[in-house]
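Read the structure below first, then the notes.
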Amino acid sequence: MCGIVGYIGKQDATQLMVNALRRLEYRGYDSAGVASIHADSLKVHKRAGKVADLEKLLRKNPGKGSIGIGHTRWATHGNPNDLNAHPHTDNSGEIALVHNGIIENYQSLRKKLLEEGYVLHSETDTEVLTVFIRSIYDKINDLAEAVRLALAEAQGAFGIAVISTLEPDKIIAARRGSPLLVGIGDSEYIVASDATAIIQHTRQVLYLNDNEMAIVTSEGYVAKTIDNEAIDSKIHNLEFDLERIERGGFDHFMLKEIYEQPSTFRDAFRGRLLPQDGQARLGGLIPVVEKLRRAPRIILAACGTSWHAALVGEYMIEMLARVPVEVEFASEFRYRNPVLNKEDVVFAISQSGETADTLAAVREAKLKGATVLGIVNVVGSSIARETEAGVFIHAGPEIGVASTKAFTSQIGVLALIALFLGRMQHLSQRDGVAIAMALKQIPEQIQYILDRSEAIKTIAHKFKDARNFMYLGRSFNFPVALEGALKLKEISYIHAEGYQAAEMKHGPLALIDEHMPVVFIATQDEIYDKVISNIEVVRARNGSVIAIANEGDSRIAELAEHVIYIPNTIPMLTPILTALPLQLLAYYIALERGCDVDMPRNLAKSVTVE
Ligand code: F6R
């Protein structure tokens, strides 16, 4: 949420920052802006809307200079209008600041500044922070120190970048809670919220940790804590390619990411699956193997789509390892004071590795003494760094706001973890081999579904004007029903509910009539017959049934108006295959409705605020 960038070097800062903001736009697209310094003067260009709107403004009135900061906003405090857009400046227009996060004590700071005679124009917490820095600068005449002292008093979350004509040769960057890194080039440096903004320029990065700041000039940088302590700043090498963050001929990132799933899923188990032994080799868990073996309980904490993957993980781990598993909404975790024992193992599941609620759950669980591990996509992210050990899902950068490939890879990794734990407990080699063999087939089976997407387009066209949708599934596919409904809601703005199919008769059945399309996930497993009965109940109330069923299931065709077939696999892996048609259905419905698939309204990728 919110993307920030800063540049210092020899290039045209504005042009470079606009390109970077385009890459960061998935983090927020309510407004965009840049500030640059040229000939001792600070110029700010900003406006409500997308980066393309900012570019229009810059075409008429270009920015100049080789130092600047930029921002793409997901609004928290104040409407998404021109005034509230970042960068914000102090009263004299000499200090500019961009911010990702929330300054929680901004009301008291605001009051204090107004009393001291400073003027505030916008409704944002960010302007308050900018003017607060100015108020300290006025007393000490040192920009980096003014930023440091202001941040020591600020409460809440921030990733910030500051420039000023008062000291025009530096960018000051700092973070607490919101991600920030410094890309290191040849006499040039780029500060950014994430690596997608800098990969075009350099692979060398310094990740700032919470409560750290960097004072960056074109000659180098000094990094320290906000408490003024020296830090050991290690340089990391980025390991993904530029092509992975481009659309590559697809109309949308979401579609590209859906179509990447045969390879991203393969990457999740590459080098980790030992089919002959029916075992998984998870190098990232080796340091904690004994803790895992002894764990009386496993807790999976996550948000949104990652939480749905966690539900599938619960079923898989309990089935294979016979260890009790609890799935927690990371956003509730620390507020309900959960019972945690030191022997418990907590897995935090997060695509971005930056979700504020999940990060807070990690910290809470660590505080209580549990072993905290990560299942994360983004290498170098906060959750990856703050957990004791873990397993990367290796899905590559996910740019589409609606998560797709991360979901299937998370389930793939959870299946490996379930296999790994199972084989340490009671799972036989023979059963392990069957699971490993089934996992190996999944990439081709995903491809099979993708090759038949035309049928899904037809269904999307027919139901594009529906006002509500119901998604029903049971057992391993109940979480997929939740995920299918979430995908539709977030990108097409159609109200959708995911439900456990058998629970429907306890209330939601009242919603069914001829206007309610009902998507049933009806794969052939031990409760298939029960799901068929649930379909009959819906048909008896004139609901239109769309079924996701196994190839070769002739019975379902007689009951459902539309059937989308998936290849056969073992029940625990069906969620990976059943999720695919639901991702495509949501995508094509959103497209039919003219929605902005990659930038759905009100949303943003990587929720770094509570
Ligand atoms: C939905 C979606 C969100 C995320 C959630 C957690 O398509 O993308 O629900 O799954 O915000 O994000 P991560 O996995 O990055 O922690």
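Just the number, please: carbon plus sulfur as a percent of the accessible area of the chain, 1.4 Å probe, no ligands or DNA/RNA counted. So the carbon and sulfur contribution to the accessible surface is 48 percent. Positive-end ranking of Ser533, Gly594, Leu577 along the dipole of region 452-600, with charges on Cβ about the Cα centre, is headed by Gly594.
Of the cross-linked pairs Lys56/Lys170; Lys462/Lys487; Lys368/Lys489; Lys10/Lys139; Lys56/Lys487, those separated by over 26 Å at the C-alpha level are Lys56/Lys170; Lys368/Lys489; Lys10/Lys139; Lys56/Lys487. Using the rule -39500 (n - 2.57) for each DSSP H run of four or more residues, divided by the residues of the chain, the 222 nm mean residue ellipticity is -11500 deg cm²/dmol. Only one residue of Tyr493, Val323, Leu109 has its Cα farthest out toward the positive end of the dipole of the chain, where Lys and Arg carry +1 and Asp and Glu -1 on Cβ, and that residue is Val323.
Farthest toward the positive end of the dipole of the chain, out of Asn81, Thr305, Ala547, is the Cα of Ala547, where the dipole comes from beta carbon charges about the Cα centre. Working from label points 7 Å from Cα in the Cα-to-Cβ sense, the Asp82 to Tyr493 distance is 2.5 nm. Charge dipole of region 452-600 (Cα centre as origin; +1 on each Lys and Arg Cβ, -1 on each Asp and Glu Cβ, all else neutral): 160 debye, rounded to the nearest 20. Taking square-rooted eigenvalues a ≥ b ≥ c of the alpha carbon gyration tensor, is the chain rounded, prolate or oblate, where a/c under 1.5 means rounded and, failing that, a/b exceeding b/c means prolate? Taking the square roots of the gyration eigenvalues as a ≥ b ≥ c, the chain is prolate.
Which of rounded, prolate, oblate describes region 3-238, given a ≥ b ≥ c as roots of the alpha-carbon gyration tensor eigenvalues and a/c under 1.5 marking rounded, otherwise prolate only if a/b is larger than b/c? Taking the square roots of the gyration eigenvalues as a ≥ b ≥ c, region 3-238 is rounded. Karplus-derived 3J(HN,Hα) values for region 118-133, using 6.51 cos²θ - 1.76 cosθ + 1.60 with θ = phi - 60°, are 6, 10, 10, 9, 9, 9, 8, 5, 5, 4, 4, 5, 4, 5, 4, 4 Hz; glycine and proline are entered as x. For the chain, the solvent-accessible area with a 1.4 angstrom probe is 37 square angstrom per residue.
Amide H contacts under 5 Å for Arg176: Phe158, Gly159, Asn211, restricted to partners 5 or more places along the chain or on a different chain, H placed in the peptide plane at 1.01 Å from N.
Against the chain, whose longest principal axis comes from its Cα atoms, helix 478-492 is set at around 50 degrees.
Each Lys and Arg Cβ is given +1 and each Asp and Glu Cβ -1; about its Cα centre, region 431-478 then shows a dipole of about 280 debye.
Close amide H contacts of Ile67 (hydrogens built in the peptide plane, cut-off under 5 Å, sequence separation of 5 or more or a different chain): Ala13, Ile37.
With respect to the chain, whose longest principal axis is taken over its alpha-carbon atoms, helix 304-321 is tilted by about 50°. For Asp431 and Ser41, the difference between the fully extended length at 0.36 nm per residue and the C-alpha to C-alpha distance is 133.4 nm. Phi angles across region 426-433 convert, under the Karplus curve 6.51 cos²θ - 1.76 cosθ + 1.60 with θ = phi - 60°, into 3J(HN,Hα) values of 10, 6, 6, 4, 4, 5, x, 4 Hz, Gly and Pro given as x.
To test your reading of the geometry: what angle, between 0 and 90 degrees and rounded to tens, separates the Cα axis of helix 405-424 from the longest principal axis of the chain? Roughly 60 degrees between the two axes.
What is region 248-450 by shape, rounded, prolate or oblate, if you read a ≥ b ≥ c off the alpha carbon gyration tensor as root eigenvalues and call it rounded for a/c under 1.5, prolate for a/b larger than b/c, and oblate otherwise? In terms of gyration-tensor shape, oblate.
Here the 3J(HN,Hα) profile of region 393-398, calculated from phi with Karplus coefficients 6.51, -1.76 and 1.60 at θ = phi - 60°, is 8, 6, 7, x, x, 10 Hz, Gly and Pro shown as x. Each of Ala152 and Asn602 was given a label point 7 Å from its Cα along the Cα-to-Cβ line. The distance between the two points is 4.2 nm.
For the chain, a simple Cβ point-charge model (Lys and Arg +1, Asp and Glu -1, everything else neutral) yields a dipole of about 480 debye relative to the Cα centre. Annotation: amide H-H contacts under 5 Å for Ile299 (H modelled 1.01 Å from N, sequence separation of 5 or more, or interchain): Glu326, Val345, Val346, Phe347.
The values are calculated or read from the model by the stated rules, or taken from the named source; none is laboratory data. Everything quoted here is computed from the prediction, not taken from an experiment. Positions of Cβ are generated from backbone atoms using ideal geometry, with glycine treated the same way; all protein chains shown enter the neighbour counts. In case anyone asks, the SASA skips ligands and DNA or RNA and just uses the protein heavy atoms, side chains included. Shrake-Rupley method; radii C 1.70, N 1.55, O 1.52, S 1.80 Å.
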